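What follows is one structure encoded as structure tokens, with my remarks underneath.
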Amino acid sequence: MAQIALKNASGASAGNVEVADAYFAVQPNVPVMHQVVTAQLAHRRAGTQATKTRSEVSGTGKKPFNQKGTGGARQGSTRAPHYTGGGIAHGPQPRKYTQRTPRKMVRLALASALSDRNNEGRVVVLDSWGFAAPSTKAAIKTLEAIGATGKVLVVVTPQEEDAIKSFRNLPNVHLLLVGELNAYDVLCNDWIVFSQDSLPGSKDAK
């Protein structure tokens with residue numbers, strides 16, 4: 001199994017921790033990551049946009065002027081698309097943007113994203129969060145001590161309530177439960193911070 005340096009909340013080394021090769025030691029597959037992230041973003045779209053066709057807009061059904069004698073083209077309705085206030089031709093209608101993504105692709109995309117961050121040395125594992133009580137100041141000090149700058153993804157378990165309450169108010173921190181971990185959020189953040197219990201593949205990670 002691959003190993004990642006283990007640190008404590010003060011940033012000091014605490015040895016190494018074994019991590020699952022299936023998550024942290026695969027060859028990043030860029031096309032799969034792209035497809036899965038695209039599908040995830042598409043799934044967020046509401047798809048409620050709609051325009052009115054000529055049969056739906058308000059207006060009279062009367063012929064605007066005589067068929068002949070005007071010198072102009074014949075017209076049958078002022079609700080036609082080329083009239084001001086007329087309907088929209090070929091406009092957007094409500095639809096679903098959801099794309100079907102196989103589970104194996106979703107898992108491969110997540111593993112590829114985590115492995116890519118691990119290859120860059122931007123995955124940090126803490127032996128414990130070190131919070132005696134919820135503290136945003138302590139959370140800031142922990143991130144500074146481990147050198148996690150920029151956008152940081154903090155992965156926790158539901159049982160780590162002190163950590164959840166400590167990190168949730170930081171604007172540069174994205175907090176996720178380990179069961180919610182996904183390729184898009186990994187790729188959107190510069191650093192990924194785990195505790196030993198929240199490591200994917202560990203017995204406590206649920």
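Points worth noting:
- Test: residue in the range 88-96 that is assigned to a helix (DSSP H, G or I), open to solvent by less than 50 Å² (accessible area, probe 1.4 Å) and either touching an Asp or Glu at 6+ places or on another chain (Cβ under 9 Å) or closer than 30 Å to GLY59 by Cβ (or both): no
- The residues in the range 19-51 that are outside any loop (DSSP other than H, G, I, E, B) and touching a strand residue (DSSP E or B) at 6+ places or on another chain (Cβ under 6 Å) can be counted, and the count is 3.
- Screening ALA163 with (1) over 27 Å from MET33 (Cα atoms); (2) of a type outside the set (S, T, N, Q); (3) open to solvent by 50 Å² or more (accessible area, probe 1.4 Å) gives one miss only, at (3).
- Pair list, Cβ < 7 Å and 6+ apart or interchain, from the range 1-15 residues that are more than 17 Å from TRP191 (Cα to Cα) and part of a strand (DSSP E or B) to residues that are hydrophobic (A, V, I, L, M, F, W, C) and open to solvent by 50 Å² or more (accessible area, probe 1.4 Å): ALA2/ALA25; SER13/ALA5
- Hits in the range 166-181 (condition: under 20 Å from ARG117 (Cβ atoms) and open to solvent by 30 Å² or more (accessible area, probe 1.4 Å)): ASN172, HIS174, LEU175, LEU177, GLY179, GLU180
- Any hit, the range 48-60, residues being closer than 30 Å to ASP190 by Cβ and either open to solvent by 90 Å² or more (accessible area, probe 1.4 Å) or not aliphatic (A, V, I, L, M) (or both): no
- In the range 131-147, the residues that are open to solvent by less than 50 Å² (accessible area, probe 1.4 Å) and under 14 Å from ASN8 (Cβ atoms): PHE131, ALA138, THR142, LEU143, ALA145, ILE146, GLY147
- Yes/no for ASP190 being closer than 17 Å to ALA111 by Cα and open to solvent by 10 Å² or more (accessible area, probe 1.4 Å): yes
Residues checked against (1) at negative phi; (2) over 20 Å from the mean Cα position of the chain (by Cα); (3) of a type in the set (S, T, N, Q):
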{"site": "ASN29", "(1), (2), (3)": "yes, no, yes"}
{"site": "VAL37", "(1), (2), (3)": "yes, no, no"}
{"site": "GLN40", "(1), (2), (3)": "yes, no, yes"}
{"site": "SER77", "(1), (2), (3)": "yes, yes, yes"}
{"site": "THR84", "(1), (2), (3)": "yes, yes, yes"}
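- Residues of the range 147-200 satisfying the condition of being charged (D, E, K, R) and assigned to a loop (DSSP other than H, G, I, E, B): LYS151, GLU160, ARG168, ASP190, ASP197
- Pairs where the first residue, in the range 158-172, is among the hydroxyl-bearing types (Ser, Thr, Tyr) and the second is open to solvent by 60 Å² or more (accessible area, probe 1.4 Å), C-beta under 6 Å, 6+ apart: SER166/PRO134
- Any hit, the range 98-119, residues being within 30 Å of LEU170 (Cα to Cα), open to solvent by 80 Å² or more (accessible area, probe 1.4 Å) and out of contact with any Pro (no Cβ under 9 Å at 6 or more places or on another chain): yes
- Pair list, Cβ under 8 Å, 6 or more apart: the range 55-73 residue over 14 Å from GLY86 (Cα atoms), other residue open to solvent by 80 Å² or more (accessible area, probe 1.4 Å) and assigned to a loop (DSSP other than H, G, I, E, B): GLN67/ARG74; LYS68/ARG74
The values are calculated or read from the model by the stated rules, or taken from the named source; none is laboratory data. Just so you know, these numbers come straight off a predicted model, no measurement behind them. In this analysis, Cβ positions are derived from the backbone assuming ideal geometry, glycine residues included, and neighbour counts consider all displayed protein chains. Heads up: the accessible areas ignore ligands, DNA and RNA and are worked out on the full protein's heavy atoms, side chains in. Shrake-Rupley method; radii C 1.70, N 1.55, O 1.52, S 1.80 Å.
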